[in-house]
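Only one structure is covered here, and it is reproduced in the block below.
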Amino acid sequence: MFPAGELRQISDRWMLRGGPNGGYLATVALSAMEAAVPGRSPLSATVHFLSRPEVGEIDATVRTLRTGRAHASVQADVSQGGTPRMSAIATFTNQTIFEGEDTGTRVGTREMPGVPEPDEAVPLPIEHLTGSFERRLDRRAPSAQIVEFLSGQASGPPEIGGWTRFSDGTPLCPLTVPLFMDSWPPPPHRRFGIGGHVVTVDLTVHWRGRPGGGWHLVWFESHFLQNGYIEIDGWLWRPDGGLVAQSRQLARYVAPGG
């Protein structure tokens, strides 16, 4: 999955057309913070993207803000050659809360979408996408309608997602959850066209349960485009319906032709 040392630098294996994938960058920052609190699992993290990183070495300044019995809070500032790239803060908790099979109690209307099994779903057509990142994941949509916008066909509502796993078979773990929370084309592309441009300002991830190995279902939605900014909300479920994570991105959005 990640070769030795890859999380201590920016790799060229996770690139999109605009630079390194934001979820991968969040995983790099989280790795630096996790090393400061061994034996704890991430609970919440927010990463602010300050400038576009380049492939190569990074400098990570990590500071433990507080360590308590239940939680530890850590901050990381990541730079390259003196240029700030990311600033992140995360809360870690005791691993034991994620060791069970609890699928939670739903108190609202949001639930795991009913979708076909991975073998019956539609592979994401990566021939319409660019960047080394696209080859690192196996992604399958519930229907062809979800992904038809990639070939320039009719638009749909600003929502997208489906079954997702690492293409090399590596199991999902808590450290790599942020990568899955930024793993599909942005949902506004379905509404406005694939020629639009999304630049993430910040990404927040909340860990809610234990990852389940290979296939996971991710789903992303956008609801408000205002003053040039759009939000992207995400959910990640195990096949048994257990919620693994939630996320929100705030991004600057430039429409096709803009």
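The values are calculated or read from the model by the stated rules, or taken from the named source; none is laboratory data. Treat the numbers as computed from the prediction; the structure is a model and nothing was measured. In this analysis, Cβ positions are derived from the backbone assuming ideal geometry, glycine residues included, and neighbour counts consider all displayed protein chains.
Remarks
- Of all residues in the stretch 105-146 being outside any loop (DSSP other than H, G, I, E, B) and hydrophobic (A, V, I, L, M, F, W, C), the one that is modelled with the lowest pLDDT: ILE126
- For the stretch 157-206, filtered to residues that are aromatic (Phe, Trp, Tyr) and within 27 Å of ASP119 (Cα to Cα), the residue that is surrounded by the fewest Cβ atoms within 10 Å (Cβ to Cβ) is PHE166.
- Residues (out of contact with any Asp or Glu (no Cβ under 7 Å at 6 or more places or on another chain) and among the basic types (Lys, Arg)) located in the stretch 225-256: ARG238, ARG252
- Filtered residues of the stretch 33-57 (kept if touching a helix residue (DSSP H, G or I) at 6+ places or on another chain (Cβ under 8 Å) and not acidic (Asp, Glu)): GLY39, ARG40, SER41, PRO42, ALA45, VAL47, PHE49, PRO53, VAL55
- Yes/no for ARG17 being in contact (Cβ under 8 Å) with a residue 12 or more places away in the chain and touching a Gly at 6+ places or on another chain (Cβ under 6 Å): yes
- Matching residues in the stretch 238-252 - criterion: being in contact with a Lys or Arg (Cβ under 9 Å, 6 or more places away or on another chain) and either under 13 Å from ASP202 (Cβ atoms) or not basic (Lys, Arg) (or both): GLY242, LEU243, VAL244, ALA245, GLN246
Listed here are the residues, each with its yes/no results for (1) farther than 30 Å from ARG40 by Cβ; (2) polar (S, T, N, Q); (3) part of a loop (DSSP other than H, G, I, E, B); (4) without any contact (Cβ under 8 Å) to a residue 12 or more places away in the chain.
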{"position": "GLU148", "(1), (2), (3), (4)": "yes, no, no, yes"}
{"position": "PRO157", "(1), (2), (3), (4)": "yes, no, yes, no"}
{"position": "THR176", "(1), (2), (3), (4)": "no, yes, no, no"}
{"position": "PRO186", "(1), (2), (3), (4)": "yes, no, yes, no"}
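- Those residues of the stretch 207-243 which are crowded, with 18+ Cβ neighbours inside 10 Å, modelled with pLDDT under 95 and of a type outside the set (Lys, Arg), in sequence order: GLY209, PRO211, GLY242, LEU243
- Unmet criterion (only one of (1) under 20 Å from LEU25 (Cα atoms); (2) assigned to a strand (DSSP E or B)) for PRO211: (2)
- Of the set (1) touching a Pro at 6+ places or on another chain (Cβ under 9 Å); (2) at positive phi, all apply to GLY81 but (1).
- All of TRP235, TRP219, TRP207 fail the test of being touching a Lys or Arg at 6+ places or on another chain (Cβ under 9 Å), among the aromatic types (Phe, Trp, Tyr) and in contact (Cβ under 8 Å) with a residue 60 or more places away in the chain, apart from TRP235.
- Residue that is nearest to LEU175 (Cα to Cα), among those in the stretch 34-81 that are in contact with an Asp or Glu (Cβ under 9 Å, 6 or more places away or on another chain), surrounded by fewer than 16 Cβ atoms within 10 Å (Cβ to Cβ) and β-branched (Val, Ile, Thr): THR61
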